[in-house]
Amino acid sequence: MKIKDLPRAFNVLLLLVSLALNLSIDLSPSGWEGLNDPADYLHQSEISLFSKEFYAPHKTIEFNPRPFTVPLFYKFCGSNPDIIIPFQKCIHSLSVFLLVSALLLFIRNNIVKYLLILAIYLLMSWWNILGWSMILLSESISTSLLFCWIATFLFWFKKRNNIWLIAHLVVLALFSFSRDSWPYIIVSFDLLVGLVFYFFEKRLFKGAVTFFVFSFVLFLIQQASAKTGRRSELPVINSIVVRIMPNKEHRQWFIDKGMPCASQLQKNFAGMDIREVASQEKMFRLYRDSSYQEFFHWVIEKGQATYILFMMTHPAYVILMEETQEQKDRIWAHNLFYTDEPRGYSQWVQSVFPLFNLSAVLLMCAILAAIWRLRKNQIYAIVLCLTLIVLLNAWLCYNVDALEVERHLFTTGIMLQVIGFFSIALIVDSLDLLSLFPTVRKHAK
């Protein structure tokens, strides 16, 4: 075996070791059994693949529809939790292997490759990532597909062939339908890299256009399915109750637009701390409270349009200037109660992460931007684009749904760690001073 192939072999070895360790972790306690969402995913997974209701189901009193990817994976497992959870562990491990394989394509120094491999596998053993594979929620599959989406894009960027283009489109479609927020992020990323390639790498522009058109069509399809399943209703209710009601001026604005039950909502939910589990459970009970039927009907008919109009006319609200620092810190939340306490080998790395904060990542991005100007390699620009969409996703999700911000945005901190490790690897790998200064290299010869 050639020396240059050893890092790839090391990656395979760590895949096998991590997979064995992940599968060995005890499944108890079953933290998902007291949650409402698993029942929705399992119910949808039992609908026939040949039925339109599987892909765009209608909402009922007892069922809240979901995008179809997670139910599709559950269906392949026979809708059996005892099979689904080991399957999620396998998908997690394979997605890490694929991501590491893609990142290694852009590193030349073998020592840096080994360190990057160890860093990413160590990160992926963090319970904040691994723990979600132990429960029946969308987070594990969605995060694994996020890694695969990034990896297949990087493979296409490096290999520049149709095989990886098709592979990326397949993963893109599955990833898009894993959560309703991802289509916005995918379209934004494809637009950003399309602009980069148009100005700096025209040979790849055609592929970027293909990705953008495909992702935009998926965006429209997903919007239609969300409308069919009325999936925007709960986020609108959450945002109004959690963020609008406590503010007198905002509350009056919605009352002036015809929103009913405002005084009742203020009375029953005033002073609520949404970070507490009891407050979240109180919100869940609201969804089935018949005394708010007039409010629910208004949300169905006018809620989403009114909330969008409010955001368009209240920029301070949209850019989170009215939120306290404590509230905004929820964006970086990790190790949430859903996954219970760390188990297995994961408990030994809990004190390591998170290693990078936003300031550290932005500093590394500034360095990468400087290297990009010197080396003209678009991989540095792609890392910058990834960082931008991570921040865009945090901003979008915070504004779209004020409930369970921590759960919706737990990937923010994870992606900062991935970007941080990859950025350091790229920076260290670029420390070839002779190649940066051709005149010096000429004299050195």
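What to note about this one:
- In this rough spin-label picture, where each label sits 7 Å from Cα along the Cβ direction, the Leu21-Leu220 distance is 4.7 nm.
- Using heavy atoms of the protein chains and a probe of 1.4 Å, the accessible area assigned to Ser290 is about 90 Å².
- Solvent accessible area, Å² - Lys257, 1.4 Å probe, full protein context: 100
- Under 19 Å of direct C-alpha separation, and excluding same-chain neighbours fewer than eight residues apart, Lys75 reaches these aspartates and glutamates: Glu33, Asp37, Asp40, Glu46, Glu53, Glu139.
- Per-residue ellipticity at 222 nm from helix content only, as computed over the chain with -39500 (n - 2.57) for each DSSP H run of at least four residues, stands at -20500 deg cm²/dmol.
- Difference of contour (0.36 nm per residue) and Cα-Cα distance, Thr228 to Asn357: 42.5 nm
- Answer label for volume of the Cα convex hull per residue in Å³ (calculated), chosen among [x] 197; [y] 148; [z] 161: [z]
- Loop-located trypsin sites (Lys or Arg not before Pro) in segment 140-190 (DSSP state other than H, G, I, E, B) with a sparse environment of at most 15 neighbouring Cβ atoms within 10 Å: Arg160.
- Partners for Lys202 among aspartates and glutamates (Cα-Cα distance below 18 Å; same-chain residues under 8 apart left out): Asp190
- Pairs exceeding 20 Å between alpha-carbon atoms, taken from Lys59/Lys227; Lys159/Lys206; Lys267/Lys328; Lys52/Lys89: Lys267/Lys328; Lys52/Lys89.
- Under 17 Å from the Cα of Lys376 - aspartates and glutamates, other chains or at least 8 residues apart: Glu201, Asp429, Asp432
- The simple Förster model, with R0 at 35 Å and r as the Cβ-Cβ distance, assigns Ser48 and Glu201 a FRET efficiency of 0.20.
- Axial C-alpha extent at least 18 Å, average Kyte-Doolittle at least 0.0 - helices from the chain (DSSP): 6-24, 81-104, 110-124, 139-159, 162-176, 182-200, 205-228, 358-375, 378-400, 410-429
The values are calculated or read from the model by the stated rules, or taken from the named source; none is laboratory data. Quick caveat: nothing in here was measured; it's all calculated off a predicted structure. Don't worry about glycine lacking a Cβ; one is built from the backbone with ideal geometry, like all the others, and counts go over all protein chains shown. Only protein heavy atoms, including side chains, enter the accessible area calculation; ligands, DNA and RNA are left aside. Shrake-Rupley method; radii C 1.70, N 1.55, O 1.52, S 1.80 Å.
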